[in-house]
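Notes follow once the structure below has been shown.
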Amino acid sequence: MSASLPHLSSRDADGAVEALAERARRLHEASGARVLIGITGSPGAGKTTLAIELVARLNAEGEASAVHLPMDGFHLANPTLDRLGLRGRKGAIETFDGWGFVGLLERVRRETEHPVYAPSFERAVDEPVAGEIAIAPAHAIVVVEGNYLLDESEPWRRVRGLLDEAWFCDADDAERMPRLVRRHTESGRTPEAARAWATDVDGANARRIAAGRDRADLVVSGVTWEVVARRG
């Protein structure tokens with residue numbers, strides 16, 4: 001996808017998100033069971049924004065039928081990263097508790113009669129927060145969001161089988177890099193350090209994540225929210 005695509009008007013963006021929400025509703029209606037939709041993509045591609053917008057649209061009629069479940073809550077704690085010598089690569093696949101994330105998704109699919117609690121991630125302190133997200137029995141659609149949902153290494157390769165669909169949020173470097181630099185400067189890095197992190201750490205992660213693009217059911221523009229490719 002090219003970053004030269006125009007940004008949509010609010011009305012057009014609403015229409016694109018509504019089309020995705022309707023797809024999610026149809027998946028739930030067809031299955032009659034809880035549906036897990038994965039949204040993945042490279043750092044700065046817009047996947048978190050899309051996940052939040054999608055859940056808001058699904059819940060717009062007042063019934064909390066959808067919930068956002070980001071994998072960022074499975075970041076290893078900073079002291080653990082320090083001990084492992086990984087703090088300088090935070091965000092790389094080895095800096096997450098992959099087995100814990102897979103185990104949670106298995107519980108979310110299986111345990112629908114009571115709440116399942118999941119960790120969130122607090123950017124202000126750069127650490128996970130245990131038990132902040134409740135996946136309640138009423139949550140018929142769980143929007144799972146994170147970098148490595150389509151990775152083929154162990155244990156991440158197990159994630160795809162736990163999702164009803166996987167959507168890849170796509171944006172090129174010209175779109176992603178300013179977002180990433182802004183994110184990192186807002187977190188306290190100098191502009192120079194923010195650009196270095198976005199290029200070196202986020203860049204390496206982006207190349208790995210991009211390898212899963214062709215395994216997604218949909219590719220969604222991180223600029224317009226429009227579907228730009230479908231599998232099959």
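Quick notes
- Among the residues of segment 143-183, those identified as of a type in the set (A, V, I, L, M) and modelled with pLDDT of 95 or more are VAL143, VAL144, LEU149, LEU150, VAL159, LEU162, LEU163, ALA166.
- Among the residues listed as VAL143, VAL159, the single one being closer than 24 Å to ALA21 by Cβ, in contact with a strand residue (DSSP E or B) (Cβ under 6 Å, 6 or more places away or on another chain) and surrounded by 14 or more Cβ atoms within 10 Å (Cβ to Cβ): VAL143
- With respect to being assigned to a loop (DSSP other than H, G, I, E, B), surrounded by fewer than 18 Cβ atoms within 10 Å (Cβ to Cβ) and either acidic (Asp, Glu) or touching a residue at least 12 places away in the same chain (Cβ under 8 Å) (or both), GLU29 falls outside the description.
- Some residue of segment 59-71 being touching a residue at least 12 places away in the same chain (Cβ under 8 Å), under 18 Å from ARG208 (Cβ atoms) and either of a type outside the set (A, V, I, L, M, F, W, C) or in a helix (DSSP H, G or I) (or both): yes
- Every listed requirement among (1) surrounded by fewer than 19 Cβ atoms within 10 Å (Cβ to Cβ); (2) modelled with pLDDT of 95 or more is met by VAL35 save one, (1).
- Restricting segment 174-200 to residues that are in contact with a Lys or Arg (Cβ under 9 Å, 6 or more places away or on another chain) and surrounded by 19 or more Cβ atoms within 10 Å (Cβ to Cβ), the residue that is farthest from LEU150 (Cα to Cα): ALA194
- The strands (runs of 3 or more DSSP E) found wholly in segment 152-232 and carrying at least 1 residues that are in contact (Cβ under 8 Å) with a residue 24 or more places away in the chain and out of contact with any Leu (no Cβ under 9 Å at 6 or more places or on another chain) occupy 165-170, 218-221.
- Only residues that are of a type outside the set (Gly, Ala, Ser), over 16 Å from LYS47 (Cβ atoms) and modelled with pLDDT of 85 or more were counted across segment 187-232, and they come to 12.
- Residues that are in contact (Cβ under 8 Å) with a residue 24 or more places away in the chain and surrounded by fewer than 19 Cβ atoms within 10 Å (Cβ to Cβ) were ranked within segment 103-122; the one that is nearest to ALA193 (Cα to Cα) is PHE121.
- Total residues in segment 97-136, condition of a type in the set (Gly, Ala, Ser) and assigned to a strand (DSSP E or B): 5
The values are calculated or read from the model by the stated rules, or taken from the named source; none is laboratory data. Worth saying up front: this structure is predicted, and the values here are computed from it rather than measured. A quick note on method: Cβ atoms are made from the backbone with ideal geometry, for glycine too, and the neighbour counts reach across all protein chains shown.
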